[in-house]
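Have a look at this one before I ask anything.
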Amino acid sequence: MAITSDARLHLAERTGIGLRLPHIAEVVATRPSVGWLEIHPENFLANPHGLELLTDLARDYPMSVHTVGISIGSADGIDRAHLTRVRGLVDRLNPVLVSGHLAWSVHGGAYLNDLLPLPYTEETLCVVATHLAQVQDALGRAYIIENPSTYVSIATSTMTEIEFLDALVDVTGCRLLCDVSNVYLSGHNMGYDPYDFIDRFPAAAVAELHLGGFTPEEDQATPGATLLVDTHAQAVAEPSWDLYAHAIGRFGAQPTIIEWDNDIPTLAVLAGEAARGDRVREHAHEGRHAGSR
Ligand SMILES: [Fe+2]
């Protein structure tokens, strides 16, 4: 299903939250004032009660399905049985957006608990484009691709991440999810300017933005250096909010989700982060229009 411009405008008005299992009963009971809900389908495929609750929520909130187990970059192909299960959930919830990561996490039938990096090469481009077509066919929906959090560069890469995303959009016509916090932490870890990255990101393809907290950890490979790890275990960091305002200046107001997956706070704290997202976006969007007058 194409994303209609009306639905995109609606989602762009209010920040949404990543809905995780500890908050579901409270969200069902209290219907908090957040714009929309994004779920990981893998949390619900063997959870019929959770799926019942989600189906109820889908009557009141626009939903987004953000997969973490499709592994679009796997060299040994896509798990068709998993795709079929996700299709069942997608058909039931009728989400406005469906997305997943530019990464791999399955090998030889083993599901790894990580989103692992890909070499940016013509061969990877061909693999991801082929799998993207298979995923979209199987789900009956557009499948939006998210930029990864990066900790290492792969020596065999022949393209930068931006060049790879540009090529992927050119070859497949796909839309992109820009995780602004991933851009910030990857820029720190890899030594590039995150503002320049946003300025060169394929803006016309952007369909959604993410914000999530990261955790500074000692870099084992470089004594004295700090690595920023995409833990989603705390509030969105101030530099990520600043970069988000810059991203809105470049991309316009875009549907945005706050992700918080570990050390999950109260629902009120999470809703407060979403409210801050609304304020930052409105301010940045007004500045964008004032600047264009
Ligand atoms: Fe994300």
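Please label the shape of the range 21-92 as rounded, prolate or oblate, based on the square roots a ≥ b ≥ c of the eigenvalues of the alpha-carbon gyration tensor (a/c under 1.5 means rounded; beyond that, a/b larger than b/c means prolate, else oblate).
Because a/c hits 1.5 or more and a/b exceeds b/c, the range 21-92 counts as prolate.
Place +1 on the Cβ of every Lys and Arg and -1 on the Cβ of every Asp and Glu in the chain, take the dipole about the Cα centre, and give the residue among Ala58, Ala233, Ala81 whose Cα lies farthest towards its positive end.
The listed residue farthest towards the positive side: Ala58.
Could you give the length gained on full extension between Thr30 and Glu122, defined as 0.36 nm per residue of separation minus the Cα-Cα distance, in nm?
Residue separation times 0.36 nm, minus the Cα-Cα distance, leaves 28.2 nm.
What does DSSP give for the chain in terms of the percent of beta bridges that are antiparallel, rounded to the nearest 5?
DSSP beta bridges in the chain are roughly 25 percent antiparallel.
What percentage of the solvent-accessible surface of the range 206-281, computed with a 1.4 Å probe over protein heavy atoms, is contributed by carbon and sulfur atoms?
The C+S portion of the solvent-accessible surface of the range 206-281 is 52 percent.
So, one more: At what distance in nm do the modelled label points of Asn43 and Arg87 sit from each other, each positioned 7 Å from its Cα along Cα→Cβ?
Output for this residue pair reads 2.5 nm.
For q values of 0.17 Å⁻¹, compute log₁₀ I(q)/I(0) with the Debye formula on a Cα-only model of the range 148-261, without solvent.
Debye output, listed in q order: -0.85.
Now, a different point. Could you pull out the trypsin sites (Lys or Arg not before Pro) across the range 37-88 that fall in loop regions by DSSP (anything but H, G, I, E, B) with no more than 16 other Cβ atoms inside 10 Å?
Arg59
Put a dot 7 Å past each Cα toward the Cβ at Ala290 and Gln234; how far apart are the dots in nm?
The two pseudo-label positions are separated by 3.2 nm.
Please build a GNM for the chain, connecting alpha carbons under 10 Å apart, and tell me which residue among Ala58, Ala274, Ala46 fluctuates the most.
Of Ala58, Ala274, Ala46, the most mobile in the Gaussian network model is Ala46.
Take the Cα of Ala75, step 7 Å along the line toward its Cβ, and report every residue of the range 137-175 whose backbone nitrogen sits under 12 Å from that point.
No residue qualifies, since no backbone N sits under 12 Å from the label point.
Quick one: 3J(HN,Hα) in Hz for the range 229-236, Karplus 6.51/-1.76/1.60 with θ = phi - 60°, rounded, Gly and Pro as x.
After applying 6.51 cos²θ - 1.76 cosθ + 1.60, I find 10, 7, 7, 6, 10, 7, 5, 4 Hz.
Projecting each Cα onto the charge dipole of the chain (Lys/Arg +1, Asp/Glu -1 at the beta carbon, about the Cα centre), which of Ile162, Ala221, Ala275 comes out farthest on the positive side?
Ala275
For the range 187-227, list residues with backbone N below 20 Å from a point placed 7 Å from the Cα of Ser153 toward its Cβ?
187-202, 219-223, 225-227
How large is the dipole of the chain about the Cα centre if only Lys and Arg carry +1 and Asp and Glu carry -1, each at its Cβ, rounded to the nearest 20 debye?
Charge dipole, the chain, about its Cα centre: 920 debye, nearest 20.
May I pose another question? Quick one: Debye curve from the alpha-carbon atoms of the chain only, equal weights, vacuum; give me log10 I(q)/I(0) at q = 0.06, 0.08, 0.09, 0.16 Å⁻¹ to two decimals.
-0.18, -0.32, -0.41, -1.43
Using just the helices of the chain, give the 222 nm mean residue ellipticity in deg cm²/dmol: DSSP H runs with n ≥ 4 each add -39,500 (n - 2.57), and the total is spread over all residues, rounded to 500.
Roughly -14000 deg cm²/dmol at 222 nm, from the helical runs in the chain.
Per residue, what accessible area does the chain have, given a 1.4 Å probe and all protein chains present, in Å²?
I get 43 Å² per residue for the chain.
What GluC sites (Glu not before Pro) does the range 172-259 have in DSSP loop regions with at most 15 other beta carbons within 10 Å?
Within the range 172-259, no GluC sites (Glu not before Pro) qualify (loop, at most 15 other Cβ atoms within 10 Å).
The values are calculated or read from the model by the stated rules, or taken from the named source; none is laboratory data. If you're wondering where the values come from, they're calculated on a predicted model, not measured in any experiment. Here the Cβ is made from the backbone with ideal geometry for all residues, glycine too, and neighbour counts use every protein chain on show. Surface areas here come from the heavy atoms of the whole protein model, side chains and all, with no ligands, DNA or RNA. Shrake-Rupley method; radii C 1.70, N 1.55, O 1.52, S 1.80 Å.
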